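J.: Here it is: the structure, laid out below.
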Amino acid sequence: MDTRERGWPASLVRIAAILTFVASWEIVARSGMVGSILLPPPSVVARTGWRLVSSQELFGHVWSSLGRVLVGFGLASAVAIPLGVVAGWYPLVFHAVDPLIELFRPIPVLALLPMAILWFGIGETSKIFMVTYAAFFPVFVNTLAGVRYTDPTLVQVASTLGASRRQIFCRVVLMSALPNLAVGLRLGMGFAFLALVAAELIASTRGLGYLIMDSRLTFQTDIGMVGVVSLGVLGYTMNQLLVRLERWALAWKRDLHGTA
């Protein structure tokens with residue numbers, strides 16, 4: 001049953017779920033079932049996090065990781081969205097691009113990490129390449145699907161009403177593809193973070209992935225957990241920004257349904 005039907009605000013349910021998870025984590029960590037080195041309680045992680053924030057050490061790692069994600073994700077979207085639209089609209093382009101996409105798409109991003117280091121070194125370029133590669137495919141595939149599989153009834157109706165091919169493309173196809181594009185962007189952002197951490201774990205001296213790896217080597221699990229939690233908060237924040245962007249872009253659809 002929808003929480004609104006029972007009078008439970010969605011925000012209250014979300015907060016309760018988070019608090020329940022944190023309380024369970026604290027209980028398990030304090031019970032002795034797991035060693036404190038392996039699983040520090042959230043209260044200890046919070047104190048360590050505050051110490052890293054106060055010294056501004058955490059901010060340096062966060063900004064490094066965030067910058068790599070934004071640049072890589074932006075590059076991936078800048079290429080994947082136009083290419084997906086063109087491939088979805090023109091069959092010739094689709095048949096030319098599809099074999100290459102399906103050839104590279106199953107290759108895990110981790111498999112390319114050694115090659116990326118060999119090609120670009122251990123600087124920023126290799127990390128941005130990894131993020132771009134990982135984020136490209138979900139954005140492209142969802143954009144392509146949104147354009148290519150537009151409801152033919154909508155196209156036929158627009159054509160019957162006298163719409164030109166350009167008007168059908170702009171007013172029907174692209175608008176219909178927006179929900180798929182929004183899903184692709186959110187998936188791409190998730191894959192971008194996965195690739196980022198993989199790159200920073202192996203070839204980095206800065207970033208949240210490096211912070212996690214360095215804490216493992218020094219058995220400072222609380223610092224590693226601060227890095228893990230920071231990644232979660234950062235990923236959640238970016239996803240919420242994309243959700244808000246999606247709601248703004250699809251406001252016309254809600255208005256249409258509201259007046260239907």
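J.: Quick one: what Rg and Dmax do you get for segment 163-244 from the alpha carbons, in Å?
T.: Expressed in Å, the Cα Rg and Dmax of segment 163-244 come to 19.1, 66.
J.: Pop out the ³J(HN,Hα) list for segment 52-63 in order, Karplus 6.51 cos²θ - 1.76 cosθ + 1.60 with θ = phi - 60°, rounded to Hz; leave Gly and Pro as x.
T.: Per-residue couplings from phi come out as 5, 5, 5, 7, 6, 5, 5, 4, x, 5, 5, 5 Hz.
J.: In addition: Arrange the following residues from fewest to most other Cβ atoms within 10 Å of their Cβ: Ser176, Ser204. List each step's numbers first, then the result.
T.: On the way: Ser176 17, Ser204 25.
Ascending number of Cβ neighbours within 10 Å: Ser176, Ser204.
J.: With 10 angstrom as the radius, rank Val13, Val85 by how many other C-beta atoms surround their C-beta, starting from the fewest. Before the final figure, lay out the partial values.
T.: On the way: Val13 12, Val85 22.
With the fewest neighbours first, Val13, Val85 line up as Val13, Val85.
J.: Treat the count of other C-beta atoms within 10 Å as a stand-in for reagent exposure and order Ile122, Ile117 from fewest to most. The partial results should precede the final answer.
T.: On the way: Ile122 14, Ile117 18.
With the fewest neighbours first, Ile122, Ile117 line up as Ile122, Ile117.
J.: Which entry in (1) 1, 6, 14, 19, 22, 19, 13, 5, 1, 0; (2) 1, 6, 10, 12, 13, 13, 12, 11, 9, 6, 4, 2, 1, 0, 0; (3) 1, 6, 11, 13, 12, 10, 9, 7, 7, 6, 5, 4, 3, 3, 2, 1, 1, 0 is this structure's computed P(r) over Cα pairs in 5 Å bins from 0, in percent?
T.: Correct label, based on the coordinates given: (2).
J.: Once every DSSP H run of n ≥ 4 in the chain is given -39500 (n - 2.57) and the sum is divided by its residues, what mean residue ellipticity at 222 nm do you get, rounded to the nearest 500 deg cm²/dmol? Let's see the in-between values first.
T.: Numbers: 11 runs with 205 residues, N = 260.
That calculation yields -27000 deg cm²/dmol at 222 nm.
J.: Can you compute 3J(HN,Hα) from phi for each residue in segment 119-134, using the Karplus curve 6.51 cos²θ - 1.76 cosθ + 1.60 with θ = phi - 60°, rounded to whole Hz and x for Gly and Pro?
T.: 6, 10, x, 9, x, 5, 4, 5, 5, 5, 4, 4, 5, 4, 4, 5
J.: To the nearest whole percent, what portion of all C-alpha pairs in segment 126-217 is separated by more than 22 angstrom? Please list the in-between numbers first.
T.: Values: 2024 of 4186 pairs.
Here the tail beyond 22 Å accounts for 48 percent of pairs.
J.: When the chain is modelled as a GNM with alpha-carbon springs shorter than 10 Å, which of Arg247, Arg165, Arg216 fluctuates the most?
T.: It is Arg165.
J.: Let me ask another. Could you derive backbone 3J(HN,Hα) for segment 142-151 from the dihedral phi with the Karplus parameters 6.51, -1.76 and 1.60 (θ = phi - 60°), listing whole Hz in sequence and x where the residue is Gly or Pro?
T.: 6, 5, 4, 5, x, 7, 5, 10, 4, 4
J.: For the Cα atoms of the chain, what angle does the longest principal axis make with the long axis of helix 10-31, in degrees from 0 to 90, nearest 10?
T.: On a 0 to 90 degree scale, this one is about 30.
J.: For the chain, what is the relative contact order in percent, using Cα pairs closer than 8 Å and at least 6 residues apart in sequence?
T.: Details: 277 pairs, mean separation 59.3, N = 260.
Relative contact order comes out at 23 percent.
J.: Can I get the semi-axes of segment 1-103's equivalent ellipsoid? Compute them from the C-alpha gyration tensor as square roots of 5 times the eigenvalues, in angstrom, largest first.
T.: Working: eigenvalues 369, 124, 50 Å².
Equivalent ellipsoid semi-axes, largest first: 43, 25, 16 Å.
J.: Of the chain, which part is the longest with no chymotrypsin sites (Phe, Trp or Tyr not before Pro) in a loop (DSSP not H, G, I, E, B) and with at most 12 other C-beta atoms within 10 angstrom?
T.: Values: sites that count: Tyr149, Phe219.
Counting at most 12 other Cβ atoms within 10 Å as exposed, the longest clean stretch of the chain is 1-148.
Read the figures in this text as sums done on the coordinates, not as results from a lab. All figures in this text were calculated on a predicted structure; none of them were measured in a lab. Methodologically, a virtual Cβ is constructed for each residue, glycine included, from the backbone with ideal geometry; neighbour enumeration extends over all protein chains shown.
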